[in-house]
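The values are calculated or read from the model by the stated rules, or taken from the named source; none is laboratory data. Note that the coordinates shown come from a computational prediction; the quantities given were computed from them, not determined experimentally. Because the Cβ atoms are built from the backbone with ideal geometry, glycine has one as well, and the counts that use them run over all protein chains shown. Note: areas computed on protein heavy atoms with side chains; ligands, DNA, RNA excluded. Shrake-Rupley method; radii C 1.70, N 1.55, O 1.52, S 1.80 Å.
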Amino acid sequence: MLVLGIETSCDETGVALYCTREGLLAQGLHSQVAMHERYGGVVPELASRDHIRRLLPLTRQALADAGRRLGDIDAVACTQGPGLAGALLAGMAVASGLAAALDRPLIGIHHLEGHLLSPLLASRPPGFPFVALLVSGGHTQLMRVSGVGRYELLGDTLDDAAGEAFDKSAKLLGLGYPGGPAVAALAGRGREGAVSLPRPMLHSGDLDFSFSGLKTAVLTVVRRGLADDQARADLAFAVQAAIVDVLVAKSLAALRHTGLRQLVIAGGVSANQRLRAALARASDEQRMSVFFPEPALCTDNGAMIAFAAALRLQAGGLAGHTAGFAGAFSVRPRWPLEELGEPAAQAA
Ligand code: KG4
Ligand code: ZN
């Protein structure tokens, strides 16, 4: 079965072709970072318009790279939410149009399920069940994943997401958007222990997170004045260390809580090298296994959407999925992951 996956929930246009027999055949990605950079964040209207411009050329290119034709596609999958409403609509409109023209089913995929399952695309994937740490610009969640569509929320952020904490700190440091990679790069020149920042909720006894206090602490240091580049690098180092420490401690606590030994990290922040190194160290010490998506699959992409749809179709079959354009399509800008059903239930 050949699945076309489309991702347009935020500022990346992603398209991919996943074959259930041969794996990932091709993928194309256009990042809007350069376009939004000068505004210091994503401008939703510009994002939507750019997705419209990019989607068909990227789809054509992916088909050419895979050596397939439009008619070879068995199902069209698209991120239905959560995300920016206009951006989601751009993807769903194209996906619906293609599905209608081809008379193939259209499958709306939850963006976070895409991230959550993307480590299974690796050559040595984890088996179910596992604990997943979802760390993106909008989410910081610990989940128990027992199967496709079987997600139990263990912990969540009470305010800012980890990626948001990186992005807001970057802004305070006068760095560009997106903030995570910028803070990480500057932190590379920072010194350990030069600035100390709080580790919010580290000892709260539960699996929840809170990062808004960290932002306030960063603001206080910035207001006191950063004398030179070294001072800025030291602060970036402290921001990254504080976020990583909390993410690692809570992930290990989630493993203890569930008794599981496999941890999967997903979402944009999972690209962070310090986080990866810290978890790799912990896995050696604690007899657990950590699974990361390939760096290219950490941030938003079409491959994870095509793949999640393929897993759902393999488990639940095509029955119950709308063939083509059913006259209306909808997006879900807010969509709790726990509301997702299992594939079989959906197809019933
Ligand atoms: O998953 P993603 O691409 O989009 C959302 O669904 O939000 O995640 C984007 C987030 C941004 O907040 C960005 O700053 C962060 O991931 N990020 C990083 C790194 N690369 C991206 N944060 C820390 N270190 C990185 N290397
Ligand atoms: Zn994402």
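Results, tabulated for the structure shown:
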| read-out | value |
| --- | --- |
| Label-to-label distance, nm, for residues given as GLU37 and ASP156 (7 Å Cα→Cβ offset) | 3.6 |
| For segment 236-306 and segment 149-213, distance of Cα centres in Å | 13 |
| Proximal aspartates and glutamates to LYS171, defined as alpha-carbon separation beneath 19 angstrom and excluding residues fewer than eight positions away on the same chain | ASP11, GLU37, ASP159, ASP160, ASP228, ASP229, ASP234 |
| Computed FRET value (nearest 0.05) for SER204 with GLU45, which takes r as the C-beta separation and R₀ as 41 Å | 0.60 |
| Amide proton proximity set for ASP156, modelled H, under 5 Å, gap of 5+ | LEU142, ASP208, PHE209 |
| Mean separation of Cα contacts under 8 Å (6+ apart) over length of segment 128-292, as relative contact order % | 27 |
| Value of [θ]222 nm, deg cm²/dmol, for the chain, DSSP H segments ≥ 4, -39500 (n - 2.57) each, nearest 500 | -14000 deg cm²/dmol |
| Per residue accessible area in Å² of the chain, where ligands, DNA and RNA are left out and the probe is 1.4 Å | 41 |
| D (Stokes-Einstein, µm²/s), Kirkwood Cα radius, the chain, 0.890 mPa s at 25 °C | 119 |
| The chain: relative contact order as a whole-number percent, Cα under 8 Å and 6+ apart | 25 |
| Cα long-axis angle, helix 212-224 against the chain (0 to 90 degrees, to the nearest 10) | 50 |
| With every protein chain in place, the chain: carbon and sulfur % of accessible area (1.4 Å) | 51 |
| Extended-chain gain in nm, criterion 0.36 nm per residue less alpha-carbon gap, GLU22 and ARG60 | 11.7 nm |
| Cα-based helix-to-principal-axis angle, 85-102 vs the chain, degrees rounded to 10 | 20 |
| Phi-based couplings in Hz for segment 186-202 (Karplus 6.51, -1.76, 1.60; Gly and Pro marked x) | 5, 4, x, 9, x, 10, 5, x, 5, 10, 10, 10, x, 10, x, 6, 4 |
| Derived scalar couplings ³J(HN,Hα) [segment 110-125; Karplus, 6.51 cos²θ - 1.76 cosθ + 1.60; whole Hz; x for Gly, Pro] | 6, 3, 6, 5, x, 4, 4, 8, 4, x, 6, 6, 5, 5, 10, x |
| C-alpha long axis of helix 273-286 to longest principal axis of the chain, angle in ° | 90 |
